[in-house]
């Protein structure tokens, strides 16, 4: 199953950096060496086994942008599932950015009217802490207004913190076909385990694809924080030639188990009843594996899938 | 799958008439479930019990050419212990000194036959 995802935005807004961090195991610092993207860079990212995200990272330099709307219009904007438009929060040319954005929307409306639109207000780390919420709300309002009749979902992001994961998790979540089935099963799983919450991460990117919460938690940003932390840890492990398998974190108030679950997913189980021995939870996770393997996207016709192209 | 709290409840049914605590261990000696330990460390007891079982099983294999160890009964200074195999796990009952071996053996046999079927299902899954 192939899903086409367009990544567009002005030159230097951060599209390739984002893509490299989420899909190509770059750490934020590594993105410094990325140069300007020439025309469109195609990458096929395998996600959850049989879902292939066909990422079109469109170079943002003006010459290319003009081209997209003119001669390449149909080619680029047809069959799009998701459009991700990246705005550099520090841009001095807001008018121009909006103009290009609207041209994209027009093309989408004509060629892929069912596409979901996401706007990422990027490089938020360059904005002062106390200003962030205000600026984001302002931009969000403007964008929602300008996007009509299409609906857009906005996120404030930065490659230097977990906000990037939140945005991409939400985007990718929209593309998973059997998400509600996954969630139902996850919920049953959590009830049997007596767990506070259970999360499912995609193995390579560590984006949260599903979760179930039996007990409310006050930090709504915990998922992306966890994604960020574990991904960094996983990358450090690979640097010394070890592959991340599992982790148990325990203190007096909780026990958390992060285990490789299926061939494409990693599960995290959080239990606040610390009297339940670890071995019991681990045994249950092991027993549930087969069941969740079956739930993964059913095998479609196998075609030659290209490997991830990275700079 | 195991419901941890339900399993604990079942194990606590054995904790009457002098039997203080019951535990269930996996093949590696890690604690799977326990009942009745209060604030004492159940995992230490589990590790010791598992160790005792494995040594007896190994020696049985060597000296008697028979590794079908059924039950180990241990008399300690301040109490008695019974260990037996259930599915692929170990069940262990710890009692005070006043409890007789006959009673201990009866209880552990009853509990293990009760748990045998459900635990085998989990072992095979």
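Points worth noting:
- Residues being outside any loop (DSSP other than H, G, I, E, B), in contact with a strand residue (DSSP E or B) (Cβ under 8 Å, 6 or more places away or on another chain) and within 12 Å of chain B (Cβ to nearest Cβ) - total across the range A:270-287: 8
- Scanning the range A:50-85 for residues that are touching a strand residue (DSSP E or B) at 6+ places or on another chain (Cβ under 9 Å) and part of a loop (DSSP other than H, G, I, E, B) gives A:59, A:60, A:72, A:78, A:79.
- Set B:122, B:48, B:19: member being out of contact with any helix residue (DSSP H, G or I) (no Cβ under 7 Å at 6 or more places or on another chain) and either in contact (Cβ under 8 Å) with a residue 24 or more places away in the chain or under 30 Å from residue A:274 (Cβ atoms) (or both): B:48
- Test: residue A:267 is under 30 Å from residue A:45 (Cβ atoms), part of a strand (DSSP E or B), free of Cβ contacts under 8 Å to residues at least 12 places away in the same chain and away from every other protein chain (no Cβ under 13 Å): no
- Residue B:14 being at pLDDT 85 or above, more than 13 Å from chain A (Cβ to nearest Cβ) and touching a strand residue (DSSP E or B) at 6+ places or on another chain (Cβ under 9 Å): no
- Test set (1) free of Cβ contacts under 8 Å to residues at least 40 places away in the same chain; (2) touching a helix residue (DSSP H, G or I) at 6+ places or on another chain (Cβ under 7 Å); (3) within 14 Å of chain A (Cβ to nearest Cβ) - residue B:72 fails condition number: (3)
- Residue satisfying condition, being within 14 Å of another protein chain (Cβ to nearest Cβ) and either touching a helix residue (DSSP H, G or I) at 6+ places or on another chain (Cβ under 9 Å) or modelled with pLDDT under 85 (or both), within set A:248, A:259: A:248
- Some residue of the range A:231-247 being within 19 Å of the chain's Cα centre (by Cα), without any contact (Cβ under 8 Å) to a residue 24 or more places away in the chain and not in a loop (DSSP other than H, G, I, E, B): yes
- Subset of the range A:229-259 (residues that are in contact with a strand residue (DSSP E or B) (Cβ under 6 Å, 6 or more places away or on another chain), farther than 15 Å from residue A:277 by Cα and exposed (fewer than 12 other Cβ atoms within 10 Å of the Cβ)): A:245
- Residues of the range A:211-225 that are assigned to a helix (DSSP H, G or I) and either without any contact (Cβ under 8 Å) to a residue 40 or more places away in the chain or over 20 Å from residue A:167 (Cα atoms) (or both): A:222 alone.
Listed here are the residues, each with its yes/no results for (1) within 26 Å of residue A:64 (Cβ to Cβ); (2) assigned to a strand (DSSP E or B).
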{"position": "A:103", "(1), (2)": "yes, no"}
{"position": "A:108", "(1), (2)": "yes, no"}
{"position": "A:120", "(1), (2)": "yes, yes"}
{"position": "A:130", "(1), (2)": "no, no"}
{"position": "A:139", "(1), (2)": "yes, no"}
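- Matching residues, the range A:151-175, being in a loop (DSSP other than H, G, I, E, B) and crowded, with 18+ Cβ neighbours inside 10 Å: A:157, A:158, A:159, A:162, A:175
- Condition broken by residue A:228, with the remaining ones in (1) in a loop (DSSP other than H, G, I, E, B); (2) in contact with a helix residue (DSSP H, G or I) (Cβ under 9 Å, 6 or more places away or on another chain); (3) more than 14 Å from residue A:265 (Cβ to Cβ) satisfied: (1)
- Qualifying position, being at pLDDT below 90 and on the phi < 0 side of the Ramachandran plot, among B:96, B:75: B:96
- For residue A:144: the one exception among (1) out of contact with any helix residue (DSSP H, G or I) (no Cβ under 8 Å at 6 or more places or on another chain); (2) modelled with pLDDT of 85 or more; (3) surrounded by fewer than 18 Cβ atoms within 10 Å (Cβ to Cβ); (4) more than 20 Å from residue A:95 (Cβ to Cβ): (4)
- Residue B:45 being within 13 Å of another protein chain (Cβ to nearest Cβ), farther than 22 Å from residue B:124 by Cβ and surrounded by fewer than 22 Cβ atoms within 10 Å (Cβ to Cβ): yes
- Residues that are modelled with pLDDT of 85 or more and under 13 Å from the mean Cα position of the chain (by Cα) within the range B:37-52 comprise B:45, B:46, B:47, B:48, B:49, B:50, B:51, B:52, listed in sequence order.
- Residue B:88 meets each of the listed conditions (1) within 12 Å of chain A (Cβ to nearest Cβ); (2) surrounded by 14 or more Cβ atoms within 10 Å (Cβ to Cβ) apart from (2).
The values are calculated or read from the model by the stated rules, or taken from the named source; none is laboratory data. Small disclaimer: the values here were computed from a predicted structure and weren't measured. As a convention, Cβ positions derive from the backbone with ideal geometry for all residues, glycine included, and neighbour counts pool all protein chains shown.
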